[in-house]
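Asker: After the structure tokens below, expect a handful of questions from me.
The values are calculated or read from the model by the stated rules, or taken from the named source; none is laboratory data. This structure is a prediction, so every number in the text was calculated from the model and none was measured. With ideal geometry, Cβ positions are generated from the backbone for all residues, glycine too; neighbour counts draw on all protein chains shown. Note: areas computed on protein heavy atoms with side chains; ligands, DNA, RNA excluded. Shrake-Rupley method; radii C 1.70, N 1.55, O 1.52, S 1.80 Å.
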Amino acid sequence: MTLMNIGISVGQDIGLLIPIDSGTRILFPSIAIAIQVSVNPKYVGIATAVFSFLRTLSLSFGVAICRAIFTNVMVKNADDIRGLASKASYYSQDIFPIVTLLQSLSTNDPRRIALVKSLFKITDYCWPILIGFAGAGPTSLFSETFSTGLEHKSKQKLVQTMHTRDA
């Protein structure tokens, strides 16, 4: 995300977002499996549920924190941009009015350049905060080791019957 700048094309934007998406798609199932094998088989369901709950909760916090940063930065910056001060609270509520405004402004319009810089300033504020929250992850370095060769024994079993043909 820090590689993005004002002159980035849609193709470059997509190219930068694909590794991020791929990383999260690989990361979450791996963590879930690690959690499942690290607990007593009796508590696998509870451990998985707690992981899912905390993952969802942390994603909600991330959205809420970035939303608060977006609102505050856009109000301040829209107040400073000529012609937008009267609508600062309107532009700080959602990204869609800003996108519509950006599409209507010419590429060299100073208001467009100031708005795009404001959007990048928001990501500059969000990243360190979210990385700080992610810093809790390395605490797992202090947990005990576990074997990935753990056999899961459940009361629910897959029963397979073999049908043989009479010759």
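Asker: Which pairs turn up if I take residues in the range 14-30 that are part of a helix (DSSP H, G or I) and look for partners that are open to solvent by 90 Å² or more (accessible area, probe 1.4 Å) and at pLDDT below 80 with beta carbon separation below 6 Å, at least 6 apart in sequence or on another chain?
Answerer: Between residues of the range 14-30 that are part of a helix (DSSP H, G or I) and residues that are open to solvent by 90 Å² or more (accessible area, probe 1.4 Å) and at pLDDT below 80, the close pairs are L16/L3.
Asker: Hey, another quick one. If we scan the range 35-42, do we find a residue that is within 21 Å of F133 (Cα to Cα) and of a type outside the set (D, E)?
Answerer: yes
Asker: While we're here: Mind checking which pairs have a first residue in the range 97-119 that is part of a helix (DSSP H, G or I) and a second that is loosely packed, with under 12 Cβ neighbours inside 10 Å, Cβ under 6 Å, 6 or more apart or different chains?
Answerer: V116/I6
Asker: Turning to a different aspect of this structure: Just for the range 44-77: of the residues that are open to solvent by 80 Å² or more (accessible area, probe 1.4 Å) and over 14 Å from A32 (Cβ atoms), which one is nearest to the chain's Cα centre (by Cα)?
Answerer: Within the range 44-77, the match that is nearest to the chain's Cα centre (by Cα) is L59.
Asker: Run down L141, L105 and say which single residue is of a type outside the set (F, W, Y), in contact with a Leu (Cβ under 9 Å, 6 or more places away or on another chain) and either at pLDDT 80 or above or over 25 Å from N72 (Cα atoms) (or both).
Answerer: Unique residue meeting the criteria: L105.
Asker: Of the residues S92, S86, S106, which is open to solvent by less than 50 Å² (accessible area, probe 1.4 Å), of a type outside the set (F, W, Y) and either touching a Phe, Trp or Tyr at 6+ places or on another chain (Cβ under 8 Å) or at negative phi (or both)?
Answerer: Selected residue: S92, the only one of S92, S86, S106 that is open to solvent by less than 50 Å² (accessible area, probe 1.4 Å), of a type outside the set (F, W, Y) and either touching a Phe, Trp or Tyr at 6+ places or on another chain (Cβ under 8 Å) or at negative phi (or both).
Asker: Taking the options I33, I46, name whichever one is in a helix (DSSP H, G or I) and modelled with pLDDT under 85.
Answerer: I33
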